[in-house]
1. With charges set only on the Cβ (+1 for Lys and Arg, -1 for Asp and Glu), what does the dipole of the stretch 1-47 come to about its Cα centre, in debye to the nearest 20?
2. So how tilted is helix 31-43 from the main axis of the chain? Cα-based, degrees 0 to 90, rounded to 10.
3. Quick one: net charge around Y42, please, counting Lys, Arg +1 and Asp, Glu -1 for every other residue with C-beta under 14 Å from its C-beta.
4. With unit charges on the beta carbons (Lys and Arg positive, Asp and Glu negative) and the dipole taken about the Cα centre of the chain, which residue among N242, Y353, A54 sits farthest to the positive side?
5. State, as an integer percentage, the relative contact order of the chain based on alpha-carbon contacts under 8 Å between residues 6 or more apart.
6. Among residues other than A61 whose Cβ falls under 10 Å from its Cβ, what is the net charge (Lys/Arg +1, Asp/Glu -1)?
7. List the lysines whose Cα sits under 17 Å from the Cα of K315, skipping any in the same chain fewer than 8 residues away.
8. On full extension of the chain, what length is gained from K342 through Q141, given 0.36 nm per residue of separation minus the C-alpha to C-alpha distance?
Amino acid sequence: MIPYGRQQISQQDIDTVVEVLGSDYLTQGPKVPEFEQALCTYTGAKYTLATNSATSALHLACRALDVSAGDIVWTSPITFVASANCALYCGAEVDFVDIDSSSYNLCPQALKTKLEKSTTTNSLPKVVIVIHMCGQPCDMQAIYALSKQYGFRIIEDASHAIGGTYLEHPIGNCRFSDITVFSFHPVKIITTGEGGAALTNSLELSTKMALLRSHGVTRDPALMTKEPDGPWFYQQLDLGFNYRITELQGALGLSQLKRVDQWVAKRAELANRYDELLTPLPVISPKQHTNGISARHLYVIQLSQPEKRLTVFNKMQAADIGVNVHYIPVHTQPHYQALGHKLGDYPNAEHYYQAALSLPLFPALTDEEQKFVVSTLAEALQ
Ligand SMILES: *Cc1c(COP(=O)(O)O)cnc(C)c1O
């Protein structure tokens, strides 16, 4: 089977994890802070909190921005459900902004229109969560300008995007957002098994997220409400969670991060080759914008004849090619429909979904495999 995505694990990755297994710390040792520092250095963000998943990091990000009951959070319908669920965890309401049909990212123009409408109905969002879909950066400058005008905060769900750039700065540096989140799930750009991170330039947000990551408990006397009873003392200041990542994962992340640029370059090479190979076929290849460099997490094509997708999907799976569909619009999920969202609400997103097909893309994909994917697709489209 050629999967749609696959991690790459080197002997060095294995050695570094095994070394941690023999060390004094399996959690809360030196490797996690080292990994966090490496992510700061790589992206230029001031603070990084590594977590046990991107989902946890998104939850921490919402909590740090004080998202709570009565608040509204907006996001794109074309994403994994976690980008919206994090707001529901906080008791907030979720609403969506339709995508731009060429980038598949949240459309700044649709955002502007919705903000104008929401001003009159007193339903402005507290936070907007944008997704760099497939790794392609959103139009952050436009979204940032709107955030200043309408007073909302921004979380970048960059689960697809580590290794990419926007206006020549690394994704993750939070120039145009409050917090950026990465995922280190095995299908993403680099992996820690499960894992994620929240990055920010704000000491206040970083401190809040650090507290909430570990039960809301602090051992820092400066944060306590009274003098410590003794050296053993800790205080719970908020209702937090256990969203910590292990030392094994910290070590793996550090080792993987060394190869991120190499992998993103390889992904670009493979994506460009797909673009060429697919030219004669009745499909639309993903357009790349000039405002940045995509980490190329996913290679999503749009079929010119969406009615053929089910057949194409089945034929390719039968040929052991792990095609996939990213994503089913979140507002069409039963849980969101029960909250009042309706089919038809976001036509661009729904139209995109009908025709979308993700082809296998990962650094170890061979030229032979790629040719096989395209020839099987060509045959399935006949
Ligand atoms: C994978 C993914 C997540 C969730 O990541 P986990 O690390 O599995 O929690 C969230 N948002 C997007 C856009 C993703 O692709």
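1. 240
2. Compared with the principal axis, the helix lies near 60 degrees.
3. Around Y42, the surrounding residues sum to 0.
4. Y353
5. Values: 792 pairs, mean separation 88.1, N = 382.
23 percent.
6. Counting the neighbours of A61, the net charge comes to 0.
7. Result set, ordered by chain and number: K371.
8. Full-extension gain reported as 69.3 nm.
The values are calculated or read from the model by the stated rules, or taken from the named source; none is laboratory data. Being a predicted model, the structure only gives us computed values, none of them experimental. As a convention, Cβ positions derive from the backbone with ideal geometry for all residues, glycine included, and neighbour counts pool all protein chains shown. When the accessible area is computed, the model is the full protein with side chains, heavy atoms only, and any ligands, DNA or RNA have been set aside. Shrake-Rupley method; radii C 1.70, N 1.55, O 1.52, S 1.80 Å.
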